[in-house]
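The values are calculated or read from the model by the stated rules, or taken from the named source; none is laboratory data. What you see is a predicted model; the values in this text were computed from it and never measured. In this analysis, Cβ positions are derived from the backbone assuming ideal geometry, glycine residues included, and neighbour counts consider all displayed protein chains. Surface areas here come from the heavy atoms of the whole protein model, side chains and all, with no ligands, DNA or RNA. Shrake-Rupley method; radii C 1.70, N 1.55, O 1.52, S 1.80 Å.
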Amino acid sequence: MGDLDLAGWTRLAEGLKPRTELYLDGGFEPAAAGATFESVNPATEGVLAEVADGGEADVERAVASARRAFDAGAWSRRAPEERKAVMVRLAELMRAHAEELALLDSLDMGKLVAEAFALDVPGAAAVIQFYGEAIDKVYDEVAPTGPGDLALVRREPMGVVGAVVPWNFPLDLATWKLGPALAAGNSVVLKPAEQSPLSALRLAELASEAGLPDGVLNVVTGGPAAGRALGLHCDVDCLLFTGSSEVGGLFLQYAGRSNLKHVSLECGGKSPNLVFDDVADLDAAAEAACLGIFFNQGQVCSANSRLLVQEGIADELVERIVARARAIRPGNPLDPESTMGAIVSGEQLERVMEMVDRGRAEAELVTGGGQVRVDGRGFFVEPTVFSGAAAEATINREEIFGPVLSVTRFRDEAEAVALANDSRYGLAASLWTSNLDRAARVAPRLEVGTVSVNTVDALSPQTPFGGRRMTGSGRDLSLHALDNVSFLKTTWIRYAAEP
(Lines give C-alpha, C1' and ligand atoms only; values in the text may rest on other atoms or scores of the structure.)
Protein backbone atom coordinates (compact mmCIF):
# COMPACT_ATOMS: atom_id res chain seq x y z
CA MET A 1 0.00 0.00 0.00
CA GLY A 2 3.01 2.30 -0.09
CA ASP A 3 1.79 3.79 -3.38
CA LEU A 4 -1.50 5.12 -1.97
CA ASP A 5 -2.62 8.52 -3.24
CA LEU A 6 -4.49 11.21 -1.32
CA ALA A 7 -7.84 9.52 -1.91
CA GLY A 8 -6.47 6.19 -0.69
CA TRP A 9 -4.96 7.58 2.49
CA THR A 10 -8.10 9.64 3.14
CA ARG A 11 -10.29 6.58 2.75
CA LEU A 12 -8.15 4.65 5.23
CA ALA A 13 -8.20 7.57 7.65
CA GLU A 14 -11.97 7.77 7.54
CA GLY A 15 -12.21 4.12 8.55
CA LEU A 16 -9.72 4.45 11.41
CA LYS A 17 -11.06 3.81 14.91
CA PRO A 18 -8.27 4.71 17.33
CA ARG A 19 -8.09 3.34 20.86
CA THR A 20 -8.65 6.08 23.42
CA GLU A 21 -8.54 4.48 26.88
CA LEU A 22 -5.65 3.63 29.16
CA TYR A 23 -3.99 0.27 28.56
CA LEU A 24 -3.67 -1.45 31.94
CA ASP A 25 -2.93 -5.09 32.73
CA GLY A 26 -3.69 -6.24 29.19
CA GLY A 27 -6.93 -4.32 28.60
CA PHE A 28 -8.38 -0.89 27.93
CA GLU A 29 -9.91 1.08 30.80
CA PRO A 30 -11.13 4.65 31.31
CA ALA A 31 -9.25 7.01 33.59
CA ALA A 32 -10.17 6.55 37.24
CA ALA A 33 -11.68 10.04 37.38
CA GLY A 34 -13.41 9.63 34.03
CA ALA A 35 -11.52 12.63 32.64
CA THR A 36 -10.62 12.98 28.96
CA PHE A 37 -8.75 15.40 26.73
CA GLU A 38 -9.05 16.18 23.04
CA SER A 39 -6.60 14.78 20.53
CA VAL A 40 -6.53 17.41 17.76
CA ASN A 41 -5.47 16.97 14.15
CA PRO A 42 -3.04 19.88 13.61
CA ALA A 43 -3.61 19.87 9.85
CA THR A 44 -7.37 20.46 10.17
CA GLU A 45 -7.77 21.67 13.79
CA GLY A 46 -10.51 19.06 14.12
CA VAL A 47 -10.87 16.74 17.10
CA LEU A 48 -9.70 13.21 16.35
CA ALA A 49 -10.76 11.61 19.62
CA GLU A 50 -11.47 12.11 23.29
CA VAL A 51 -8.59 10.36 25.04
CA ALA A 52 -8.47 9.19 28.66
CA ASP A 53 -6.72 11.78 30.83
CA GLY A 54 -4.77 9.68 33.30
CA GLY A 55 -3.68 11.06 36.65
CA GLU A 56 -1.98 9.95 39.82
CA ALA A 57 -4.52 7.21 40.57
CA ASP A 58 -4.05 5.78 37.09
CA VAL A 59 -0.27 5.81 37.36
CA GLU A 60 -0.71 3.97 40.66
CA ARG A 61 -2.79 1.30 38.90
CA ALA A 62 -0.30 1.01 36.05
CA VAL A 63 2.75 0.70 38.30
CA ALA A 64 0.98 -1.90 40.46
CA SER A 65 0.16 -3.89 37.33
CA ALA A 66 3.75 -3.66 36.11
CA ARG A 67 5.12 -4.72 39.49
CA ARG A 68 2.81 -7.73 39.69
CA ALA A 69 3.86 -8.83 36.23
CA PHE A 70 7.54 -8.39 37.01
CA ASP A 71 7.36 -10.28 40.29
CA ALA A 72 5.33 -13.09 38.71
CA GLY A 73 8.20 -13.66 36.30
CA ALA A 74 6.15 -14.52 33.20
CA TRP A 75 8.40 -12.09 31.30
CA SER A 76 11.26 -11.18 33.64
CA ARG A 77 12.28 -14.81 34.16
CA ARG A 78 11.18 -16.15 30.79
CA ALA A 79 13.78 -17.97 28.69
CA PRO A 80 15.71 -15.60 26.41
CA GLU A 81 14.70 -17.35 23.20
CA GLU A 82 11.03 -17.10 24.18
CA ARG A 83 11.23 -13.36 24.89
CA LYS A 84 13.08 -12.95 21.61
CA ALA A 85 10.27 -14.69 19.71
CA VAL A 86 7.66 -12.34 21.18
CA MET A 87 9.59 -9.21 20.27
CA VAL A 88 10.33 -10.40 16.75
CA ARG A 89 6.63 -11.20 16.37
CA LEU A 90 5.78 -7.67 17.56
CA ALA A 91 8.08 -6.21 14.89
CA GLU A 92 6.30 -8.33 12.28
CA LEU A 93 2.89 -7.12 13.47
CA MET A 94 4.06 -3.51 13.30
CA ARG A 95 5.05 -4.02 9.67
CA ALA A 96 1.73 -5.75 8.95
CA HIS A 97 -0.14 -2.73 10.38
CA ALA A 98 2.19 -0.12 8.89
CA GLU A 99 -0.56 1.92 7.17
CA GLU A 100 -2.59 2.15 10.38
CA LEU A 101 0.38 3.13 12.55
CA ALA A 102 1.56 5.70 10.00
CA LEU A 103 -1.91 7.23 9.84
CA LEU A 104 -2.21 7.45 13.62
CA ASP A 105 1.01 9.46 13.88
CA SER A 106 0.20 11.60 10.83
CA LEU A 107 -3.29 12.51 12.01
CA ASP A 108 -2.19 12.98 15.61
CA MET A 109 0.85 15.23 15.16
CA GLY A 110 0.80 16.43 11.55
CA LYS A 111 3.74 14.58 9.99
CA LEU A 112 3.58 13.52 6.36
CA VAL A 113 1.94 10.11 6.20
CA ALA A 114 4.23 9.08 3.34
CA GLU A 115 7.27 9.71 5.56
CA ALA A 116 5.68 7.98 8.54
CA PHE A 117 4.94 4.95 6.34
CA ALA A 118 8.33 4.84 4.63
CA LEU A 119 10.56 5.82 7.56
CA ASP A 120 8.95 5.95 11.00
CA VAL A 121 7.11 2.64 11.09
CA PRO A 122 9.89 0.56 9.46
CA GLY A 123 12.41 2.25 11.73
CA ALA A 124 10.36 1.54 14.85
CA ALA A 125 9.87 -2.09 13.85
CA ALA A 126 13.60 -2.41 13.19
CA VAL A 127 14.36 -1.17 16.71
CA ILE A 128 12.02 -3.70 18.30
CA GLN A 129 13.53 -6.47 16.17
CA PHE A 130 17.09 -5.36 16.97
CA TYR A 131 16.52 -5.66 20.71
CA GLY A 132 14.56 -8.86 20.32
CA GLU A 133 17.41 -10.41 18.37
CA ALA A 134 19.89 -9.15 20.98
CA ILE A 135 18.23 -10.94 23.90
CA ASP A 136 20.07 -14.23 23.44
CA LYS A 137 23.32 -12.65 22.29
CA VAL A 138 24.26 -10.40 25.23
CA TYR A 139 26.52 -12.34 27.56
CA ASP A 140 27.30 -11.95 31.24
CA GLU A 141 30.86 -11.87 32.60
CA VAL A 142 33.26 -13.78 34.78
CA ALA A 143 35.65 -11.45 36.55
CA PRO A 144 39.33 -12.42 36.92
CA THR A 145 40.03 -13.84 40.40
CA GLY A 146 42.53 -16.10 42.10
CA PRO A 147 42.13 -19.82 42.80
CA GLY A 148 39.27 -20.54 45.21
CA ASP A 149 37.11 -17.63 44.05
CA LEU A 150 34.58 -17.31 41.25
CA ALA A 151 33.10 -13.84 40.57
CA LEU A 152 30.08 -13.78 38.27
CA VAL A 153 28.85 -10.44 36.92
CA ARG A 154 25.30 -10.61 35.62
CA ARG A 155 23.06 -8.04 33.97
CA GLU A 156 19.64 -8.05 35.66
CA PRO A 157 16.46 -6.08 34.87
CA MET A 158 15.74 -2.97 36.91
CA GLY A 159 12.12 -3.95 37.58
CA VAL A 160 9.50 -1.35 36.69
CA VAL A 161 10.61 1.15 34.05
CA GLY A 162 8.75 4.42 33.47
CA ALA A 163 9.06 5.81 29.94
CA VAL A 164 7.98 9.33 29.00
CA VAL A 165 8.22 10.16 25.31
CA PRO A 166 7.57 13.29 23.22
CA TRP A 167 5.26 14.08 20.33
CA ASN A 168 7.63 14.56 17.40
CA PHE A 169 8.22 10.85 16.68
CA PRO A 170 5.51 9.16 18.75
CA LEU A 171 5.95 5.59 17.58
CA ASP A 172 9.70 5.71 16.96
CA LEU A 173 10.66 7.10 20.33
CA ALA A 174 8.30 4.78 22.17
CA THR A 175 10.19 1.84 20.66
CA TRP A 176 13.54 3.43 21.53
CA LYS A 177 12.53 3.08 25.19
CA LEU A 178 10.47 -0.12 25.00
CA GLY A 179 13.00 -2.11 22.97
CA PRO A 180 15.83 -2.22 25.51
CA ALA A 181 13.51 -2.17 28.54
CA LEU A 182 11.57 -5.24 27.38
CA ALA A 183 14.68 -7.00 26.09
CA ALA A 184 16.24 -6.72 29.55
CA GLY A 185 13.17 -8.31 31.15
CA ASN A 186 11.55 -5.24 32.70
CA SER A 187 7.91 -4.25 32.95
CA VAL A 188 7.10 -0.81 31.54
CA VAL A 189 4.68 2.04 32.17
CA LEU A 190 4.69 4.21 29.04
CA LYS A 191 3.37 7.77 29.04
CA PRO A 192 3.11 9.19 25.52
CA ALA A 193 2.85 12.93 24.95
CA GLU A 194 -0.71 14.24 25.27
CA GLN A 195 -0.37 15.73 21.76
CA SER A 196 0.19 12.29 20.18
CA PRO A 197 -1.06 9.38 22.30
CA LEU A 198 -2.79 7.20 19.72
CA SER A 199 -0.01 5.08 18.22
CA ALA A 200 1.29 4.09 21.68
CA LEU A 201 -2.10 2.62 22.57
CA ARG A 202 -2.21 0.61 19.37
CA LEU A 203 1.39 -0.53 19.89
CA ALA A 204 0.50 -1.90 23.33
CA GLU A 205 -2.42 -3.81 21.84
CA LEU A 206 -0.15 -5.31 19.18
CA ALA A 207 2.40 -6.26 21.87
CA SER A 208 -0.27 -8.29 23.65
CA GLU A 209 -1.21 -9.92 20.35
CA ALA A 210 2.46 -10.83 19.90
CA GLY A 211 2.43 -12.66 23.22
CA LEU A 212 3.64 -10.10 25.75
CA PRO A 213 2.11 -11.11 29.12
CA ASP A 214 -0.54 -8.88 30.69
CA GLY A 215 0.88 -6.09 32.82
CA VAL A 216 4.33 -6.07 31.24
CA LEU A 217 3.41 -3.03 29.14
CA ASN A 218 0.97 -0.44 30.43
CA VAL A 219 0.14 2.88 28.74
CA VAL A 220 -1.11 5.90 30.68
CA THR A 221 -2.23 8.76 28.47
CA GLY A 222 -2.40 12.19 30.03
CA GLY A 223 -0.57 15.41 30.71
CA PRO A 224 2.06 16.66 33.16
CA ALA A 225 0.21 15.26 36.19
CA ALA A 226 0.69 11.72 34.94
CA GLY A 227 4.36 12.34 34.16
CA ARG A 228 4.94 13.86 37.57
CA ALA A 229 3.26 10.91 39.31
CA LEU A 230 5.44 8.49 37.38
CA GLY A 231 8.59 10.43 38.25
CA LEU A 232 7.74 10.55 41.94
CA HIS A 233 6.54 6.97 42.30
CA CYS A 234 8.73 4.99 44.69
CA ASP A 235 7.97 1.68 43.01
CA VAL A 236 9.34 2.87 39.66
CA ASP A 237 12.96 1.72 39.50
CA CYS A 238 14.06 3.58 36.38
CA LEU A 239 12.79 6.54 34.36
CA LEU A 240 13.55 7.03 30.66
CA PHE A 241 12.73 10.43 29.20
CA THR A 242 12.96 12.20 25.87
CA GLY A 243 11.78 15.81 25.72
CA SER A 244 12.75 19.31 26.71
CA SER A 245 15.70 20.05 28.99
CA GLU A 246 13.41 21.89 31.38
CA VAL A 247 11.14 18.90 31.90
CA GLY A 248 14.14 16.58 32.01
CA GLY A 249 15.41 18.61 34.96
CA LEU A 250 12.09 18.07 36.72
CA PHE A 251 12.51 14.30 36.45
CA LEU A 252 15.90 14.55 38.13
CA GLN A 253 14.19 16.46 40.93
CA TYR A 254 11.44 13.85 41.16
CA ALA A 255 14.06 11.11 41.51
CA GLY A 256 15.76 13.03 44.31
CA ARG A 257 12.48 13.54 46.12
CA SER A 258 11.42 9.90 45.87
CA ASN A 259 13.59 6.79 45.65
CA LEU A 260 16.67 8.04 43.77
CA LYS A 261 15.53 6.03 40.76
CA HIS A 262 17.89 5.84 37.81
CA VAL A 263 17.04 8.56 35.29
CA SER A 264 18.17 8.58 31.65
CA LEU A 265 17.56 11.83 29.78
CA GLU A 266 17.68 12.70 26.09
CA CYS A 267 16.71 16.34 25.92
CA GLY A 268 17.16 19.34 23.65
CA GLY A 269 19.60 20.21 20.93
CA LYS A 270 20.81 23.07 18.79
CA SER A 271 22.92 21.11 16.36
CA PRO A 272 25.50 22.82 14.12
CA ASN A 273 26.14 21.87 10.49
CA LEU A 274 29.67 22.88 9.47
CA VAL A 275 30.36 23.24 5.74
CA PHE A 276 33.97 23.92 4.74
CA ASP A 277 35.03 25.38 1.40
CA ASP A 278 36.66 22.09 0.39
CA VAL A 279 33.32 20.29 0.38
CA ALA A 280 33.19 17.88 -2.56
CA ASP A 281 29.56 18.37 -3.60
CA LEU A 282 27.86 21.68 -2.81
CA ASP A 283 24.52 20.44 -4.10
CA ALA A 284 24.64 17.45 -1.76
CA ALA A 285 25.50 19.75 1.14
CA ALA A 286 22.57 22.05 0.28
CA GLU A 287 20.16 19.14 -0.02
CA ALA A 288 21.32 17.71 3.29
CA ALA A 289 21.15 21.10 5.00
CA CYS A 290 17.47 21.33 4.01
CA LEU A 291 16.80 17.78 5.15
CA GLY A 292 18.56 18.48 8.43
CA ILE A 293 16.25 21.37 9.35
CA PHE A 294 13.02 20.99 7.37
CA PHE A 295 12.40 17.26 7.83
CA ASN A 296 9.42 16.65 10.14
CA GLN A 297 8.81 20.43 10.07
CA GLY A 298 12.04 20.95 12.01
CA GLN A 299 10.52 19.14 14.99
CA VAL A 300 13.61 17.02 15.61
CA CYS A 301 15.80 17.23 18.71
CA SER A 302 18.93 16.78 16.59
CA ALA A 303 17.78 19.15 13.81
CA ASN A 304 20.74 20.90 12.17
CA SER A 305 19.32 24.34 12.97
CA ARG A 306 22.66 26.23 12.88
CA LEU A 307 24.38 26.25 9.49
CA LEU A 308 28.02 27.32 9.82
CA VAL A 309 29.53 27.87 6.38
CA GLN A 310 32.98 29.06 5.31
CA GLU A 311 32.96 32.55 3.82
CA GLY A 312 34.18 31.67 0.34
CA ILE A 313 31.21 29.42 -0.47
CA ALA A 314 28.56 30.95 1.80
CA ASP A 315 26.64 32.96 -0.78
CA GLU A 316 26.50 30.10 -3.26
CA LEU A 317 25.43 27.54 -0.66
CA VAL A 318 22.72 29.81 0.79
CA GLU A 319 21.40 30.46 -2.71
CA ARG A 320 21.01 26.73 -3.33
CA ILE A 321 19.37 26.18 0.06
CA VAL A 322 16.91 29.01 -0.51
CA ALA A 323 15.93 27.62 -3.91
CA ARG A 324 15.17 24.27 -2.33
CA ALA A 325 13.33 25.84 0.63
CA ARG A 326 11.07 27.79 -1.69
CA ALA A 327 10.17 24.59 -3.52
CA ILE A 328 8.94 22.89 -0.33
CA ARG A 329 5.15 22.87 -0.20
CA PRO A 330 3.40 22.68 3.18
CA GLY A 331 0.18 20.81 2.62
CA ASN A 332 -2.26 18.12 3.66
CA PRO A 333 -0.14 15.47 5.42
CA LEU A 334 -2.22 12.73 3.76
CA ASP A 335 -1.31 13.98 0.30
CA PRO A 336 1.86 12.30 -1.04
CA GLU A 337 2.44 15.45 -3.12
CA SER A 338 2.88 17.56 0.03
CA THR A 339 6.49 18.10 1.03
CA MET A 340 5.98 19.50 4.53
CA GLY A 341 3.40 18.70 7.18
CA ALA A 342 1.88 20.66 10.04
CA ILE A 343 3.30 21.93 13.31
CA VAL A 344 2.00 19.70 16.10
CA SER A 345 -0.26 22.21 17.88
CA GLY A 346 -1.44 25.80 18.01
CA GLU A 347 0.74 26.32 21.08
CA GLN A 348 3.85 25.11 19.28
CA LEU A 349 2.94 27.20 16.24
CA GLU A 350 2.86 30.31 18.44
CA ARG A 351 6.28 29.38 19.85
CA VAL A 352 7.75 29.02 16.35
CA MET A 353 6.25 32.29 15.11
CA GLU A 354 7.48 34.11 18.22
CA MET A 355 11.01 32.89 17.47
CA VAL A 356 10.64 33.94 13.82
CA ASP A 357 9.67 37.42 14.99
CA ARG A 358 12.78 37.53 17.18
CA GLY A 359 14.84 36.41 14.22
CA ARG A 360 13.58 39.33 12.14
CA ALA A 361 15.11 41.67 14.73
CA GLU A 362 18.36 39.72 14.99
CA ALA A 363 19.24 38.77 11.42
CA GLU A 364 18.34 39.08 7.76
CA LEU A 365 15.27 37.08 6.75
CA VAL A 366 16.34 35.39 3.52
CA THR A 367 13.19 33.40 2.82
CA GLY A 368 9.97 32.22 4.47
CA GLY A 369 8.90 33.47 7.87
CA GLY A 370 5.17 33.21 7.34
CA GLN A 371 2.35 31.12 8.67
CA VAL A 372 0.49 29.06 6.08
CA ARG A 373 -3.10 27.83 5.98
CA VAL A 374 -4.14 24.82 3.92
CA ASP A 375 -7.77 25.01 2.82
CA GLY A 376 -8.13 27.74 5.42
CA ARG A 377 -7.07 25.52 8.31
CA GLY A 378 -4.12 24.05 10.13
CA PHE A 379 -0.86 24.93 11.83
CA PHE A 380 1.64 25.28 8.99
CA VAL A 381 4.84 27.36 8.70
CA GLU A 382 6.93 28.21 5.67
CA PRO A 383 10.51 26.90 5.56
CA THR A 384 12.46 29.84 6.94
CA VAL A 385 16.10 30.89 6.56
CA PHE A 386 17.88 33.68 8.45
CA SER A 387 21.41 34.90 7.82
CA GLY A 388 23.92 36.92 9.80
CA ALA A 389 22.67 36.45 13.36
CA ALA A 390 25.28 36.93 16.07
CA ALA A 391 26.37 33.87 18.04
CA GLU A 392 24.47 35.15 21.08
CA ALA A 393 21.24 35.77 19.14
CA THR A 394 18.14 34.00 20.41
CA ILE A 395 17.69 32.06 17.17
CA ASN A 396 21.22 30.68 17.61
CA ARG A 397 20.74 29.86 21.27
CA GLU A 398 17.20 28.54 21.80
CA GLU A 399 15.77 25.33 20.46
CA ILE A 400 12.94 26.46 18.16
CA PHE A 401 11.58 23.05 17.14
CA GLY A 402 10.33 24.38 13.84
CA PRO A 403 11.55 24.76 10.24
CA VAL A 404 13.87 27.69 10.99
CA LEU A 405 17.52 27.75 9.86
CA SER A 406 20.12 30.29 10.99
CA VAL A 407 23.19 30.76 8.75
CA THR A 408 26.47 32.02 10.18
CA ARG A 409 29.71 32.53 8.23
CA PHE A 410 33.13 31.58 9.56
CA ARG A 411 36.68 32.34 8.42
CA ASP A 412 38.69 29.28 9.43
CA GLU A 413 38.58 25.95 11.18
CA ALA A 414 39.24 27.33 14.64
CA GLU A 415 36.35 29.78 14.41
CA ALA A 416 34.05 27.06 13.06
CA VAL A 417 34.77 24.78 16.00
CA ALA A 418 34.37 27.64 18.50
CA LEU A 419 30.98 28.60 17.02
CA ALA A 420 29.81 24.99 16.91
CA ASN A 421 30.63 24.40 20.57
CA ASP A 422 29.14 27.71 21.73
CA SER A 423 25.89 26.13 22.93
CA ARG A 424 24.39 24.83 26.14
CA TYR A 425 23.43 21.67 24.23
CA GLY A 426 25.60 18.87 22.90
CA LEU A 427 23.54 16.37 20.96
CA ALA A 428 24.73 16.19 17.34
CA ALA A 429 26.73 17.95 14.63
CA SER A 430 27.39 17.54 10.92
CA LEU A 431 30.65 18.21 9.11
CA TRP A 432 31.20 18.61 5.36
CA THR A 433 34.70 18.37 3.89
CA SER A 434 36.61 16.35 1.31
CA ASN A 435 39.76 16.58 3.45
CA LEU A 436 40.20 13.43 5.54
CA ASP A 437 42.73 15.16 7.77
CA ARG A 438 40.22 17.91 8.56
CA ALA A 439 37.41 15.43 9.25
CA ALA A 440 39.61 13.41 11.60
CA ARG A 441 40.86 16.58 13.30
CA VAL A 442 37.58 18.44 13.71
CA ALA A 443 35.16 15.62 14.63
CA PRO A 444 36.80 14.89 18.03
CA ARG A 445 36.72 18.62 18.87
CA LEU A 446 32.95 18.90 18.43
CA GLU A 447 31.38 18.52 21.87
CA VAL A 448 28.42 16.35 20.89
CA GLY A 449 27.26 12.75 21.02
CA THR A 450 27.18 12.13 17.26
CA VAL A 451 29.19 13.72 14.42
CA SER A 452 27.91 13.00 10.91
CA VAL A 453 30.60 13.51 8.26
CA ASN A 454 29.38 14.39 4.75
CA THR A 455 25.82 13.54 5.78
CA VAL A 456 23.35 14.78 8.41
CA ASP A 457 21.83 13.21 11.50
CA ALA A 458 23.19 9.70 10.91
CA LEU A 459 21.76 7.05 13.24
CA SER A 460 20.77 3.40 13.34
CA PRO A 461 19.75 0.81 15.95
CA GLN A 462 23.40 -0.25 16.01
CA THR A 463 24.81 3.11 17.15
CA PRO A 464 24.23 5.02 20.42
CA PHE A 465 22.25 8.26 20.33
CA GLY A 466 22.49 10.94 23.00
CA GLY A 467 24.55 13.90 24.08
CA ARG A 468 26.06 15.95 26.85
CA ARG A 469 25.45 19.13 28.86
CA MET A 470 21.80 20.24 28.69
CA THR A 471 21.04 17.48 26.21
CA GLY A 472 21.17 15.06 29.13
CA SER A 473 22.81 11.75 29.94
CA GLY A 474 22.44 8.14 28.94
CA ARG A 475 22.12 6.73 25.45
CA ASP A 476 19.26 5.47 23.31
CA LEU A 477 19.74 2.80 20.64
CA SER A 478 22.55 0.23 20.35
CA LEU A 479 23.44 -2.33 23.00
CA HIS A 480 24.57 0.57 25.19
CA ALA A 481 20.90 1.42 25.83
CA LEU A 482 20.66 -1.78 27.87
CA ASP A 483 22.81 0.00 30.47
CA ASN A 484 19.88 2.35 31.14
CA VAL A 485 17.47 -0.43 32.03
CA SER A 486 19.57 -3.05 33.79
CA PHE A 487 21.99 -3.21 36.67
CA LEU A 488 25.09 -5.27 37.24
CA LYS A 489 25.01 -7.82 40.04
CA THR A 490 28.15 -9.54 41.30
CA THR A 491 27.88 -13.02 42.78
CA TRP A 492 31.13 -14.01 44.51
CA ILE A 493 31.58 -17.70 45.20
CA ARG A 494 34.32 -19.01 47.49
CA TYR A 495 35.15 -22.65 46.80
CA ALA A 496 37.81 -25.11 47.79
CA ALA A 497 40.61 -24.71 45.29
CA GLU A 498 42.20 -28.00 46.32
CA PRO A 499 40.41 -31.33 46.98
Legend entry - Percent accessible area from carbon and sulfur atoms, the stretch 1-83, protein chains only, probe 1.4 Å: 49
Inset, instruction - Would you mind getting the accessible area per residue of the chain, heavy atoms of the protein chains only, 1.4 Å probe, in Å²? - result: 39
Legend entry - Dipole-positive endmost among Leu307, Pro333, Leu150 within the chain (Cβ charges, Cα centre): Leu150
Legend entry - Relative packing of peptides 322-328, 180-186 - highest average C-beta neighbours within 10 Å first: 180-186, 322-328
Inset, instruction - Convert 20 °C to kelvin, take the viscosity as 1.002 mPa s, use the Kirkwood radius over C-alpha pairs of the stretch 1-129 as Rh, and evaluate the Stokes-Einstein diffusion coefficient in µm²/s, rounded to a whole number. - result: 126
Inset, instruction - Using a 1.4 Å probe and ignoring any ligands, DNA or RNA, find the accessible area of Asp136 and quote it in Å² to the nearest 10. - result: 60
Legend entry - the stretch 420-435 - phi-based ³J(HN,Hα) in whole Hz, Karplus 6.51/-1.76/1.60, Gly and Pro as x: 4, 7, 7, 7, 7, 9, x, 8, 8, 7, 10, 9, 10, 6, 9, 9
Legend entry - Accessible surface of the stretch 107-148 [probe 1.4 Å, protein heavy atoms]: carbon and sulfur percent: 64
Inset, instruction - Identify which of the listed values of Cα extents along the principal axes in Å was calculated from the structure shown: [x] 78, 59, 44; [y] 64, 52, 49; [z] 70, 56, 49. - result: [x]
Inset, instruction - Measure off, as a whole percent, the carbon and sulfur share of the 1.4 Å-probe accessible area of the stretch 309-407, all protein chains present. - result: 42
Legend entry - Cβ charges +1 (Lys, Arg) and -1 (Asp, Glu), total dipole of the chain, debye: 1080
Inset, instruction - Show that you can apply the helix-only estimate: for the chain, add -39,500 (n - 2.57) for every DSSP H stretch of four or more residues, divide by all residues, and state [θ] at 222 nm to the nearest 500. - result: -11500 deg cm²/dmol
Legend entry - Separation of alpha-carbon centers, the stretch 63-87 and the stretch 339-393, rounded to whole Å: 46
Inset, instruction - Among the lysines, select those whose C-alpha is under 23 Å from the C-alpha of Lys17, and discard any that sit fewer than 8 residues away in the same chain. - result: Lys111, Lys191
Inset, instruction - Name the residue farthest towards the positive end of the dipole of the chain from the options Gly227, Leu12, Phe294, assuming +1 on Cβ of Lys and Arg, -1 on Cβ of Asp and Glu, about the Cα centre. - result: Gly227
